[in-house]
Amino acid sequence: MRRSFEYDMRHAERGMSGSEVYRYPRYYAIGYRWNTEAECDFIEACLKTHGPTGAKRLLDIGCGSGRHLTVLAKRGYHVSGVDLSPEMIAYVEQEAKDANLPITAAVDDLRRLKVKGTYDVACCFMDTFRFLLTNEEITAHLRAVAKLLAPGGLYLTDFWVPCQWDKIGGEIHQWEQTEGDVTVRVFYLQHPDSIDPIQQTFEDELVFEVREGGCTREIRGGPTRTRLLLPQEFRALVNGSGAFTLLASYGEFDLAKPFDHDSLSWRMISVLKKRVP
Ligand SMILES: C[S@@+](CC[C@H](N)C(=O)[O-])C[C@H]1O[C@@H](n2cnc3c(N)ncnc32)[C@H](O)[C@@H]1O
């Protein structure tokens, strides 16, 4: 499988737009369901340990198919989600209606948030934060999120960082999830030939291989430009924003697993607390 992708990658069309796979929320929901309960447990643990008292209001930035929104709404949280993909938002709204859950969702862009309201916690999970390509975009985003948070509110981020220097821009991950008669195999690919060392960006890509009703189809997301954001740089940007204090980073969705040299994780999960102005 890896071999064929190496071949295809040379012929992939280059683009800046959102991945094509985000137009298939049901397949996304199946492919990404594996760790959702644990991620929601982590959100609750963060709120209990570091959040404002009685915190119940959550904003999910880049909410995708709403996998966290649904679980947390069932747990009694007041949840809202925003996402750039109209297909994802329509899916979240339909799921909420079908399950009779009070979830609000809207199309919005994390680079220039228009969402209103006051929240105790915001989250931006599964690499969505790396769509902020420049230091200026990251700083402006952090300040915009802080304005949406109540005093003492938390912002939880979760994005890929390279586990080894010689792997930067060259990682491939894949996993498979099944629901009923639908199996979705997700491929996360990085295009090493697209690295821009000055801007610190590169293109990555999601591919879904969907097996359904005896047929197999491939949905290629198309290359999407993303930011390479390193741990110390993230810390400096958070501090420089003046909007948040970086409380800690974790190697898993577990407050007992700090992000350290023993962590083989390709995700860094961080807890930011809104600063007192
Ligand atoms: C990898 S998915 C993560 C979804 C969700 N956070 C999760 O954990 O499953 C990335 C999501 O970010 C959305 N997205 C991409 N660019 C965005 C932007 N500029 N503003 C808001 N959402 C964006 C995509 O439509 C997609 O739903």
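Of note:
- Rg/Rg_globular for region 135-232, with Rg_globular taken as 2.2 N^0.38 Å and Rg from C-alpha atoms: 1.40
- Close amide H contacts of Ser194 (hydrogens built in the peptide plane, cut-off under 5 Å, sequence separation of 5 or more or a different chain): Glu203.
- Diffusion coefficient, µm² s⁻¹, Stokes-Einstein with Kirkwood Rh over alpha-carbon pairs of the chain at 25 °C and 0.890 mPa s: 128 µm²/s
- Inter-part distance where region 36-62 and region 169-238 are each reduced to a Cα centre, Å: 26 Å
- Averaged over residues, the count of other Cβ atoms within 10 Å places the peptides 190-201, 132-143 in the sequence 132-143, 190-201, highest first.
- Cα-based reach from Lys48 at 26 Å (exclusive), listing lysines while leaving out same-chain residues under 8 positions away: Lys56, Lys74, Lys116, Lys147, Lys257, Lys273, Lys274
- Value of relative contact order over region 63-104, rounded to a whole percent, pairs C-alpha under 8 Å and six or more apart: 47 percent
- Local charge for Leu255 was computed over the other residues whose Cβ lies under 11 Å away, with Lys and Arg +1 and Asp and Glu -1, and equals -2.
- Percent RCO, i.e. relative contact order, over the chain, from Cα pairs under 8 Å lying at least 6 residues apart: 20 percent
- Basic side chains Lys and Arg get +1 at the Cβ, acidic Asp and Glu get -1 at the Cβ, and with that the dipole of region 105-260 about its Cα centre reaches some 700 debye.
- Residue with peak Gaussian network fluctuation, the chain [Cα springs, cutoff 10 Å], from Ala256, Ala248, Ala146: Ala256
- When peptides 119-127, 61-69 are ranked by their average number of other Cβ atoms within 10 Å per residue, the highest-first order is 61-69, 119-127.
- Rel. contact order, % - alpha carbon contacts under 8 angstrom, at least six apart, region 137-239: 21 percent
- Amide H to amide H, with H built 1.01 Å from N, Asp127 comes under 5 Å of Asp158, Phe159, Trp160, counting only residues 5 or more places away or on other chains.
- Here r is the Cβ-Cβ distance between Ala106 and Glu44 and R0 is 25 Å; the resulting FRET efficiency, rounded to 0.05, is 0.55.
No lab work stands behind these numbers, since they all come straight from the coordinates. Computed from a predicted model, the values in this text were never measured in an experiment. All Cβ positions, even for glycine, are placed from backbone atoms using ideal geometry, and neighbour counts span all protein chains on display.
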